[in-house]
Amino acid sequence: MIVAIDQNLCTGCRECAQVCPVCAIEGEQGKPQVIQTERCVMCGQCIQKCKSYVSLLDHGNDAYDRIRKERNLPDSVQEPLFAAYSVCSLDKVRTALKDGCTFTVVQCAPAVRVAIGEEFGEELGTLTPGKLAAALRKLGFDRVYDTNFPADVTIMEEGTELIDRVNKGGVLPMFTSCCPAWVKFLENNYPELKDHLSSAKSPQQIGGAIFKTYGAELDQRKASEIYSVSVMPCTCKAYECDRPEMKDSGYRDVDAAITTRELAWLIKEAQIDWNALREEEFDQPFGMYTGAGAIFGVTGGVMEAAIRTGYELVTGESIPQVDVTSVRGTEGFRTALIEVGDLKLKVGIVTGLKHVIPVLEAVRAGTLDLHFIEVMTCPQGCVSGGGQPKLLMDTFSEEAYRARREAIFDHDRELTYRKSHENPAVKKLYEEFLEAPNSHLAHHLLHTTYCND
Ligand code: SF4
Ligand code: SF4
């Protein structure tokens, strides 16, 4: 169980049920609600919506303390505690950080750096990669890496897989596989379409697999000494890293996934003054990333990143417009036609899992003529993930999602490299270790077969 509803706090308003994309929340109006765990995809959207709470101010120390302890939250948590919540997994991260024999490695997803500042009073959507790196180093992580790097690797692997499927008549349309809530939904409800999923792991898992193999070699460490943590905007990433198949190196790709909110609690607990932090860089080589890796945090970003690289790999020419605006937007389902040399690449983007059902029905019926479909569970992709800072009023949500989205595109525009295949550290990874995208070793470590039977 990763997401839960406190039966003592829930007032039965059923606002959470309105946003649950899979109708997993059941109960009578006015009575405590229950999550049907077999349907829940752990996206955390109910957490973002819930408004029933206990607070220090309204309910006093005793009531507040009791719930904080029940949820195993650090004393640094002072904010209201809501009926819908995610289970805190900070204990194991603290233990690893204190253990002198453990080499701790952390990675941060692209959407975290445009939201965590909100926990420290910064404007909605403030971009803070430098402070994030500095705070993680102060917490004691031995290596501070970036999920944007494995996002670039994902594009190399997934893009090559797509080109292969198109050229060799493989299963199409191919679906992205970086959103674990979406993957779980497909496994639960449309298992017969599993072969449409890209076999590439998500950036989180690809990062974890690289850190414990190539990364271990570079640091002259044994994989068994490495404890790998990821900071994600997403509650479902804790489920993904626990999946039994996610350990192809012989060791778990990722040992613990925490949310943006949890990282903020950890920073406050360590009494790190966020506002006084001086900007620092992520550690190399896995802190090197392109704009294509950065835009994974927004709906359409994976598709845009794949097109930037796919175009150049297929045609051997520079893409005329790096900004592929035809795949941007926030509509639940949108399509675009991209000319890639002689190929007319037909793509679709789904944002918000509720919008995927007609798409899947059309794929099942064989009536949807597309090559590649990106699916993200959350309303505007990971910037609006269930593990992001909670927005107390619904009116702030749209504003926050817009600001975070724009910050990601601003970041993309300011980076030296904007296409995954141009990332010098990615090139070196293939030269020194993986040989080529979809090589035997790349397949072994960075791809998977979903096996939720
Ligand atoms: S975590 Fe997501 S799927 Fe599960 S009950 Fe909450 S909104 Fe529904
Ligand atoms: S869209 Fe992003 S944040 Fe939301 S469930 Fe998927 S991976 Fe997690």
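The values are calculated or read from the model by the stated rules, or taken from the named source; none is laboratory data. Quick caveat, the model's predicted, so the values are computed rather than measured. Here the Cβ is made from the backbone with ideal geometry for all residues, glycine too, and neighbour counts use every protein chain on show.
Could you list, in sequence order, the residues of segment 147-191 that are among the aromatic types (F, W, Y), in a helix (DSSP H, G or I) and more than 16 Å from ligand 1 (Cβ to nearest atom)?
Correct list: F149 only.
Does S202 qualify as being within 22 Å of the chain's Cα centre (by Cα), in the same structural domain as R418 (by TED's automatic domain parsing) and of a type in the set (S, T, N, Q)?
yes
Of the numbered conditions (1) within 12 Å of ligand 1 (Cβ to nearest atom); (2) in contact with a Cys (Cβ under 8 Å, 6 or more places away or on another chain); (3) closer than 30 Å to K268 by Cα, S52 fails exactly one; give the number of that condition.
Among (1) within 12 Å of ligand 1 (Cβ to nearest atom); (2) in contact with a Cys (Cβ under 8 Å, 6 or more places away or on another chain); (3) closer than 30 Å to K268 by Cα, the lone unmet condition for S52 is (1).
Is there a residue being in a helix (DSSP H, G or I) and either of a type in the set (A, V, I, L, M) or out of contact with any Gly (no Cβ under 7 Å at 6 or more places or on another chain) (or both) anywhere in segment 75-90?
yes
Any chance segment 404-425 includes a residue that's of a type in the set (S, T, Y), modelled with pLDDT of 95 or more and surrounded by 13 or more Cβ atoms within 10 Å (Cβ to Cβ)?
yes
In segment 382-399, which residues are in contact with a Gly (Cβ under 8 Å, 6 or more places away or on another chain) and within 15 Å of ligand 1 (Cβ to nearest atom)?
Those that are in contact with a Gly (Cβ under 8 Å, 6 or more places away or on another chain) and within 15 Å of ligand 1 (Cβ to nearest atom): C382, G385, G386, G387.
For segment 388-402, how many residues are buried (at least 20 other Cβ atoms within 10 Å of the Cβ) and either small (G, A, S) or part of a helix (DSSP H, G or I) (or both)?
Total satisfying the criteria: 2.
Is it true that S198 is in contact (Cβ under 8 Å) with a residue 40 or more places away in the chain, within 16 Å of ligand 2 (Cβ to nearest atom) and out of contact with any His (no Cβ under 9 Å at 6 or more places or on another chain)?
Criteria not met by S198.
Return the residues of segment 354-385 that are touching a residue at least 60 places away in the same chain (Cβ under 8 Å), assigned to a loop (DSSP other than H, G, I, E, B) and either touching a strand residue (DSSP E or B) at 6+ places or on another chain (Cβ under 7 Å) or in the same structural domain as V22 (by TED's automatic domain parsing) (or both); say none if nothing qualifies.
L370, H371, Q380
Conditions: (1) in a loop (DSSP other than H, G, I, E, B); (2) more than 17 Å from the chain's Cα centre (by Cα). K194 meets all but one. Number of the miss?
(1)
Take the residues of segment 400-453 that are over 18 Å from the mean Cα position of the chain (by Cα) and of a type in the set (V, I, T): which is farthest from A200 (Cα to Cα)?
Checking each candidate, the answer is T416.
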